[in-house]
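The values are calculated or read from the model by the stated rules, or taken from the named source; none is laboratory data. On a predicted model such as this, the values are computed, not experimentally measured, just so you know. All Cβ positions, even for glycine, are placed from backbone atoms using ideal geometry, and neighbour counts span all protein chains on display.
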Amino acid sequence: MSKVSQIVSDLKKIQTGYGLLSLTWRLDPIPNDAAFVSMKRVIDLALERNTKAFFNVGEFYGPNNANLILVKSFFQKYPELRQHVIISCKGGVDNVTFSPKGDYDSVVTSVENSIEAMGGYIDIFEVARFDTTLLKDGDVYPKETFKALAACVEEGKIGAISLSEVNETEIRAVAADWGNYISCVEVELSIFSPQILEDGVAKAGSDLGLIIICYSPLGRGLLTGTITPSTTFQEGDLRTHWRRFQGDALAKNQLCVDFLNSILMERPTDKRISLVQLSLGWVKHWNHNDKFKNATFIPIPSGSTLEKVNENFDEGKGKITDKEFEKINQFVKTFEVVGGRWEAAAH
């Protein structure tokens, strides 16, 4: 079995992955000791379930490679745990301006810098966004970027390639040329952002048998039950820049949370789960739906405390019924979220 095939095989056994962005991309990064407790718990739970853990990290998730240095420090403390984790790293951008840098040399440099900052091998690497300045007439994606990534796989620097924030046409085009190197596709999916289910992205994933890594499965906090129209975000919180978290928009979006809470209240007392678990259960339930039967959906919630990790990774409570799944889907069809995924707030 090739290295890419082994990574794919290991990924398919994982029900929930771990996003580490929120540990370091904030004004008050989580202290190492506290972050280590959460990170180790994710791995311990994976070992209990006889799977690998999945860590989603980024070269630019915080200043000066803070996210990767956190991971390096963790595995310096627990070197025996590294073999039990699949690490997917996002890079390929200017770490100050966040503009894509997809030319061959920049991509190789990003990979090598990430390896150095993290202190070792990276299982999966992805460029955060395609560098459209490199597109030539008739190109769907920047081929130079993937020549560099494939070379990094061949040289053993990384194990496989992932795609990030791509559309159906791009997925199919890249897979046609570089399918032997591709392990997964990372895109947003939540009850608040279900677009991939209708825009062809999930269908492409199913047709090609891809792993779909679902980031922001809790709607950037909207599906945790902790955000209300009266919530005041801390200075530096990225959500202060997005329309769906502001004033009237947030109040209208709260109607979706109210609906989900009504579903929770219909459950027998001894089968109650949290709003978070219902929301993650909805994402994972797509693995049991014939519409995308050959895709594998893996949500990657964060979790900066032991309590949050235990809640997010409780696979027993992270299951919903077919009836609940259909009720939510019917609601999603008619509910209009106020504010696009990246729609800026008016200031």
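Things worth noting here:
- Residue check for Ile69: crowded, with 23+ Cβ neighbours inside 10 Å and touching a residue at least 40 places away in the same chain (Cβ under 8 Å): no
- Residue among Ile7, Ile86, Ile30 that is more than 22 Å from Ala151 (Cα to Cα), in contact (Cβ under 8 Å) with a residue 60 or more places away in the chain and crowded, with 16+ Cβ neighbours inside 10 Å: Ile30
- For segment 325-347, the tally of residues that are over 15 Å from Leu223 (Cα atoms) and modelled with pLDDT under 80 stands at 8.
- Every residue from segment 171-194 that is of a type outside the set (Gly, Ala, Ser) and out of contact with any helix residue (DSSP H, G or I) (no Cβ under 9 Å at 6 or more places or on another chain): Glu186
- Members of segment 197-215 found to be farther than 16 Å from Glu126 by Cβ and not in a helix (DSSP H, G or I), listed by number: Glu198, Asp199, Gly200, Gly209
- Here Asn64 meets each of (1) touching a residue at least 40 places away in the same chain (Cβ under 8 Å); (2) more than 19 Å from the chain's Cα centre (by Cα) with one exception, condition (1).
- When residues of segment 10-27 are limited to those that are among the basic types (Lys, Arg) and over 16 Å from the mean Cα position of the chain (by Cα), the one surrounded by the most Cβ atoms within 10 Å (Cβ to Cβ): Arg26
- Boolean, Thr296 is under 19 Å from Ile14 (Cβ atoms), touching a helix residue (DSSP H, G or I) at 6+ places or on another chain (Cβ under 7 Å), hydroxyl-bearing (Ser, Thr, Tyr) and in contact (Cβ under 8 Å) with a residue 24 or more places away in the chain: yes
- Residue identified as among the β-branched types (Val, Ile, Thr), within 21 Å of Phe75 (Cα to Cα) and not in a loop (DSSP other than H, G, I, E, B) among Ile161, Ile124, Ile171: Ile124
- Considering Val37, Val42, the condition of being under 19 Å from the mean Cα position of the chain (by Cα) and either in a loop (DSSP other than H, G, I, E, B) or on the phi < 0 side of the Ramachandran plot (or both) is satisfied by Val42 alone.
Here is a yes/no grid of residues against (1) in contact (Cβ under 8 Å) with a residue 40 or more places away in the chain; (2) not acidic (Asp, Glu):
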{"position": "Asp123", "(1), (2)": "yes, no"}
{"position": "Glu126", "(1), (2)": "yes, no"}
{"position": "Asp137", "(1), (2)": "no, no"}
{"position": "Val140", "(1), (2)": "no, yes"}
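- Of residues in segment 115-145 being more than 18 Å from Ile182 (Cβ to Cβ) and either of a type in the set (Phe, Trp, Tyr) or in contact with a helix residue (DSSP H, G or I) (Cβ under 6 Å, 6 or more places away or on another chain) (or both), the one surrounded by the most Cβ atoms within 10 Å (Cβ to Cβ): Met118
- Selection within segment 10-27 - touching a residue at least 60 places away in the same chain (Cβ under 8 Å), more than 27 Å from His285 (Cβ to Cβ) and in a helix (DSSP H, G or I): Leu23
- Qualifying residue in segment 138-147 (condition: assigned to a helix (DSSP H, G or I), in contact with a Lys or Arg (Cβ under 8 Å, 6 or more places away or on another chain) and among the β-branched types (Val, Ile, Thr)): no
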